[in-house]
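The values are calculated or read from the model by the stated rules, or taken from the named source; none is laboratory data. What you see is a predicted model; the values in this text were computed from it and never measured. Here the Cβ positions follow ideal geometry from the backbone for every residue, glycine too, while neighbour counts run over all protein chains shown. Protein only, heavy atoms only, side chains kept; ligands, DNA and RNA dropped before computing areas. Shrake-Rupley method; radii C 1.70, N 1.55, O 1.52, S 1.80 Å.
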Amino acid sequence: MEIKLFGITKDIVGRDMLPVPANIQVHTVTELKEWLYQQYPGLEKLSALAVAVNQTYAEDGTALDSTKEVALIPPVSGG
Amino acid sequence: MQTENRYIRQIQLPNFGREGQVKLRLAKVLVVGAGGLGVPVLQYLAGMGIGTLGIVDGDTVAVSNLHRQVIYDMEDVGTLKVAACRKKLSRQNPEIILQTYPFFLTTENALEVMSDYDVIVDATDNFAARYLINDACIILGKPFVYGALQYFEGQVSVFNYQGGPTYRCLFPTPPDAGQIPDCNQAGVLGIVPGIIGSYQALETVKIVAGLGKVLSGELLILDLLGHHNYRMKLKTNPENQLITRLADDYDSPICETIASISPEELLTWYETRQDFLLIDVRESHEFAQGHLENAQSIPLSKLERIPMVDLRKQPVVIMCQMGSRSEKAIQLIQNKLPDATLLNLTGGINQWYQEIGEAYIQ
């Protein structure tokens, strides 16, 4: 599974693409978030963050498997 | 005759024609913000012949604006942006009506200012204004064209278009203050808002002229450094379309007011048989592994869909594994039930295990 990172999440993680190691089993968006928060505590502080699974807005309970493509999309305010 | 020549190059377009031009002339578009995003929106919409253009901005031109807000020049520095825009746009196209509003949009003026227009363009630079525009557009039943950026990345979408998703369907509540840098903090390369604003002008014209497929129901993310553009499909959450009045204040995020209860205090509540409701927002498999006595399981992922029963009768304690998801749950519930007493169990069930142990665990 690969996670595309946008906006501030790119700064927090330090790259724009994050592969999830094959031995990490996450079955839902919630479980993925918990794994991410352990690796990058800065992400947990974001009170607004959208998650896309296969380019579709995902809820916390959305199911995941290794074939899915995930993206973290925080709000941006600049103009 | 003059009009004919002015718009001849777009009238000759097969999918646009005379009919498209008439639609533009009859349209009323309000552009909120005459800065990095608003300037290209205004220049193109004026040029293309939108019949009535409203411009809202209480700001004056600063020298540090000129590298990206390319309608302004040195002589405009210190003058109201709306006045400088009126001067230049009326020279660019004297055939359109310009309405200027030399103030910022607020809860008090938003509905009145916006009510005259068909389409609203969100060309602002802060979250408070974006949520205000979203909520006002829902109340008034108007679509709005959203654009925002950070560094070399831009977001574009059309919200509240023909029953489609709203900004709150993407980001239900604003981020906490200071979490997301704005242009003043982050810096911005002059051309970037020019490109995002041009997308907004394009979507506005598509809505007005009924041209192509409007960017509703999805968020387009433009990565202008690598050109790896990304599109995310959005879902309409009907709850977000129920807004009937504006918030009193869009500047102070709700999250600052989240109250909490420590495991020790909650233990006292159990022991003294205090009347309270306990909602555990973890997923059901987590709940099954161990939860507090009398806790009701409503996973955060389902919370948005569940009708809010009367949570106002007694204090409500919201809990999760570590205390973060429950904070989000409280924000969601507070939006719908502002007068409910909601308390976040500090540190979630993890802290309960650490400080209290197995007591009241089932």
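Quick look at the numbers
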| quantity | calculated |
| --- | --- |
| Nearest-10 value in Å² for the accessible area of A:D11, using the 1.4 Å probe | 80 |
| Cα-based Lys pair tally, region B:2-241, threshold under 23 Å, eight or more apart or on separate chains | 17 |
| Cβ-defined net charge surrounding B:E293, 14 Å radius [Lys, Arg +1; Asp, Glu -1] | -2 |
| Probe 1.4 Å, all protein chains present, accessible-area order of B:L189, B:L149, largest first | B:L189, B:L149 |
| Inter-label distance, nm, simple model (7 Å from Cα along the C-beta direction), B:D251/B:K28 | 3.0 |
| Largest-first principal axis extents of the Cα set of region A:2-73 (Å) | 26, 25, 18 |
| Buried solvent-accessible surface, both chains (B, A), 1.4 Å probe, Å² to nearest 100 | 3400 |
| A:D60 accessible area, 1.4 Å probe, all protein chains in place, Å² to nearest 10 | 20 |
| For B:A359, residues with placed amide H under 5 Å, excluding near neighbours | none |
| 0 to 90° range, to nearest 10: angle between helix B:191-209 axis and chain B longest Cα axis | 80 |
| Carbon + sulfur, % of accessible area of the protein assembly as shown - ligands and nucleic acids excluded, 1.4 Å | 51 |
| B:N15/B:Q296 FRET efficiency (R0 56 Å; Cβ-Cβ; nearest 0.05) | 0.55 |
| Backbone N within region B:42-73 under 16 Å of label point (7 Å from B:N109 Cα along the Cβ vector) | B:54-61 |
| Cα centroid separation - region B:1-75 against region B:115-131, whole Å | 16 |
| Degrees separating the helix A:29-39 axis from the principal Cα axis of chain A, which is the longest one | 70 |
| FRET efficiency for A:T56 and B:Q274, using Cβ-Cβ distance with R0 set to 56 Å, rounded to 0.05 | 0.85 |
| Residue-averaged 222 nm ellipticity for the protein assembly as shown, from DSSP H runs of 4+ at -39500 (n - 2.57), nearest 500 | -9000 deg cm²/dmol |
| Å² of accessible area per residue within chain B, as computed with a 1.4 Å probe and no ligands counted | 45 |
| Residues whose placed amide H lies under 5 Å from that of B:G54, excluding near-sequence neighbours | B:V29, B:L30, B:V31, B:Q99 |
| 3J(HN,Hα) from dihedral phi, region B:27-40, Karplus parametrisation 6.51/-1.76/1.60, rounded to Hz, x for glycine, proline | 7, 10, 10, 9, 9, 9, x, 10, x, x, 7, x, 4, x |
| Where only C-alpha atoms are counted, convex hull volume of the protein assembly as shown per residue in Å³ | 144 |
| Degrees, to the nearest 10: B:325-336 long Cα axis against longest axis of chain B | 60 |
| Distance (nanometres) between label positions extended 7 Å along Cα→Cβ at B:V63 and B:I97 | 4.0 |
| Per-residue ³J(HN,Hα) for region A:10-23, Karplus 6.51 cos²θ - 1.76 cosθ + 1.60, θ = phi - 60°, Hz, x for Gly and Pro | 5, 5, 5, 7, x, 7, 9, 9, 10, x, 8, x, 4, 7 |
| P(r) histogram, all alpha-carbon pairs of chain B included - 20 Å bins from 0, percent | 27, 47, 21, 5, 0 |
| Set of aspartates and glutamates near A:K68 by C-alpha distance (under 20 Å), chain-local residues within fewer than 8 positions excluded | A:E2, A:D16, A:E31, A:E34, A:E59, A:D60, B:E218 |
